[in-house]
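The values are calculated or read from the model by the stated rules, or taken from the named source; none is laboratory data. Computed from a prediction, not measured in an experiment: that's the story for all the values here. As a convention, Cβ positions derive from the backbone with ideal geometry for all residues, glycine included, and neighbour counts pool all protein chains shown. Note: areas computed on protein heavy atoms with side chains; ligands, DNA, RNA excluded. Shrake-Rupley method; radii C 1.70, N 1.55, O 1.52, S 1.80 Å.
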Amino acid sequence: MRIGQYEIKNRIFLAPMAGVTDQPFRRLCSHLGVGLTFSEMMSTNPDVWHTEKSKLRLAHHQEIGINAVQIAGSDPSEMAAAAKVNVAYGADIIDINMGCPAKKVNKKMAGSALLREPDLVAEILEAVVNAVDVPVTLKIRTGWDPEHRNCLQIAKIAEQAGISALTIHGRTRSCLFQGNAEYDSIKAVKEAVSMPVIANGDITSAEKAKAVLDYTQADGIMIGRGSYGRPWIFSEIGAFLEDGVQTVFPLEQKCQLMLKHIEDLHHFYGEEKGYRIARKHVAWYAEQLQPNSNFKRTFNALSSTVEQRQALEDFVTAILNESS
Ligand SMILES: Cc1cc2nc3c(=O)[nH]c(=O)nc-3n(C[C@H](O)[C@H](O)[C@H](O)COP(=O)(O)O)c2cc1C
């Protein structure tokens, strides 16, 4: 599929997830076959860009492949300015977040709160599209609440404004993450617009990825939480979509990927921060590799990268010995 001038190598996308899809995770997922990753959301407020957190998010230059950078905000001129800055830092695609349900974001009338303001949505999209010469994409939910599912209206506004691709998470803002994602609205949008549509929500296996693509006829699927502690899901989906083959990633390779990922995290964040960030990822890996083990608790008590690496190596040795 194409997004503006870019040919995306397949139909598999990694969802932007603040606090999860940092550069090391995006690199890993790209390596495992994701066609396009999105950075964590950047605020449009330049006053916070000097913070360590923002600086790490701004580090676009070390990315591999196409850099899609997400911005969130509600002021059209601020959004346009933020888009320009991110392009100057190396963003190849600007993604606008109108899907985030977080109160902190919505209070400022940004994220999914914007879905209640179609006129403002149009203003923002036009301002950003006109400000940069890279493709601009949009990520939304299906509406504000089940009584106000207006994703079709927003999709048409987006197309009119020159948006290059639209991702839809199949829930409304008020549903937060409850219930099941619904794909009827995504299917309806896909039928009504001609820009690429990416279906998102609750895709946790290769079979589900194929079923959602078949049902919605979307151009691509995007995966968020389904990749926690199992980035190899992208490789499994790739093989299934390509040849209909169900593959199971070998245990030894899973272990090696985890070790490499955590080493990259330690390196990227440094000694002070690295061991803290590693904890949640290791908890997710442990859940996948050895459910119900005590390893997570033991690991969380460690407070240096050196200790963490040794513990992970011992964990891997034990798992592989058990399985042989
Ligand atoms: C921890 C977390 C952080 C998220 N951060 C963002 C974000 O920064 N921008 C955004 O557009 N969506 C964000 N999302 C929403 C995801 O991109 C995605 O739409 C949602 O998780 C549904 O997909 P899934 O069922 O595959 O997880 C976040 C979700 C989670 C769980």
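Assess whether Asp133 counts as being more than 10 Å from the ligand (Cβ to nearest atom), at pLDDT below 95 and open to solvent by 10 Å² or more (accessible area, probe 1.4 Å).
Criteria not met by Asp133.
Of Thr172, Thr137, Thr142, which residue is of a type in the set (Val, Ile, Thr) and touching a Pro at 6+ places or on another chain (Cβ under 6 Å)?
Within the list Thr172, Thr137, Thr142, the selection yields Thr172.
Restricting the stretch 21-42 to residues that are of a type in the set (A, V, I, L, M) and within 12 Å of Pro231 (Cα to Cα), which is surrounded by the fewest Cβ atoms within 10 Å (Cβ to Cβ)?
Filtering first and then ranking leaves Leu32.
So, in the stretch 230-249, how many residues would count as being assigned to a helix (DSSP H, G or I) and open to solvent by 70 Å² or more (accessible area, probe 1.4 Å)?
The qualifying residues number 2.
Scan the stretch 210-222 for residues that are open to solvent by less than 50 Å² (accessible area, probe 1.4 Å) and either in a helix (DSSP H, G or I) or touching a helix residue (DSSP H, G or I) at 6+ places or on another chain (Cβ under 7 Å) (or both) and jot them down.
Scanning the stretch 210-222 gives Val212, Leu213, Thr216, Ala218, Ile221.
Determine, yes or no, whether Tyr183 is open to solvent by 10 Å² or more (accessible area, probe 1.4 Å), within 16 Å of the ligand (Cβ to nearest atom), over 17 Å from the mean Cα position of the chain (by Cα) and of a type in the set (Phe, Trp, Tyr).
yes
Consider Asp47 against the criteria (1) within 15 Å of the ligand (Cβ to nearest atom); (2) modelled with pLDDT under 90; (3) acidic (Asp, Glu): it satisfies all of them except one. Which criterion is unmet?
Tallying (1) within 15 Å of the ligand (Cβ to nearest atom); (2) modelled with pLDDT under 90; (3) acidic (Asp, Glu), Asp47 fails exactly one: (1).
So, in the stretch 136-180, of the ones that are over 20 Å from Arg11 (Cα atoms), touching a strand residue (DSSP E or B) at 6+ places or on another chain (Cβ under 6 Å) and within 15 Å of the ligand (Cβ to nearest atom), which residue ends up most open to solvent (accessible area, probe 1.4 Å)?
Arg173
So the check is Cβ under 8 Å with 6+ separation or different chains; which pairs have a first residue in the stretch 68-80 that's in contact (Cβ under 8 Å) with a residue 12 or more places away in the chain and a second one that's among the acidic types (Asp, Glu) and open to solvent by 10 Å² or more (accessible area, probe 1.4 Å)?
That search, which allows pairs on different chains as well, returns Ala68/Asp92; Gln70/Glu40; Pro76/Glu123; Pro76/Glu126.
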